[in-house]
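For reference, the structure discussed in these notes is given below.
All of the numbers you see were taken from the coordinates with simple rules; none came from a lab. Predicted, not measured: the structure shown is a model, and the values here were computed from it. All Cβ positions, even for glycine, are placed from backbone atoms using ideal geometry, and neighbour counts span all protein chains on display.
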Amino acid sequence: MKYGQDWQPPAVDWSSTRGRILLAAATLFAQRGYFGTSTRDIADAVQVRQPSLFHHFEAKHEIFRTLVELDLGPSIDRLRSRLEEDSTWAEKLHLTIACDVREALVQPFDARGLYQDAVLGLDEFTDERDGIGLFHELVEQVISSGREAGEFVIFEPSFVQRAVNGVLFETLREQGGPGGRLRERRPLQAADFV
């Protein structure tokens, strides 16, 4: 599996042409969606010609995949580390939510357009679907383990996972992307809420 132990997303120099392509694409995906954004739109936003864009990425789905990798990969890694910590299950869940919300709010690209079921259902995003499934399984493991330890009330772990996603996506929507006002307390407030 691509998002296995010790997997790391590619490093990005955000000031390079490749980095600027990723930033522009993320903004366009958030505004117009994946299907409403063309490689020509992305090239125009970066002020490069399409052949230059294709020098860095063979196709639009590779740009999208890279953005998902940059967002999802570190989240999986943080959660795996959290599972190994000597802390309560409630602390693990709280820190997971707070850290993921904070990272989503401070990363340089706009993740609001990345997790659309219609896009991720395409054949070229099998690894990304598997990675999202893995992340959900890990969060559900924290919830189930906390329930078994008597730290959480009996609740369906998949529902809690979806609620966590809802809180995360609401904080992203509220901020309005990377250029929006960062509410410093929002990560802890989101974790406290859940």
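For the chain, the fraction of alpha-carbon pairs lying more than 30 Å apart is 22 percent, rounded to a whole number.
By other beta-carbon atoms within 10 Å, ranking Lys2, Lys60, Lys92 with the fewest at the front produces Lys2, Lys60, Lys92. Here region 73-194 is treated with +1 on each Lys and Arg Cβ and -1 on each Asp and Glu Cβ, and its dipole about the Cα centre works out to around 600 debye.
Extents of region 81-130, largest first, come to 39, 24, 14 Å (Cα atoms, principal axes, whole angstrom).
Taken over region 22-96, the percentage of Cα pairs per 10 Å bin, counting from 0 up to the bin with the maximum distance, is 18, 37, 18, 17, 10, 1. Positive contributions from Lys and Arg (+1) and negative ones from Asp and Glu (-1), summed over other residues with Cβ under 13 Å from the Cβ of Leu122, come out at -3.
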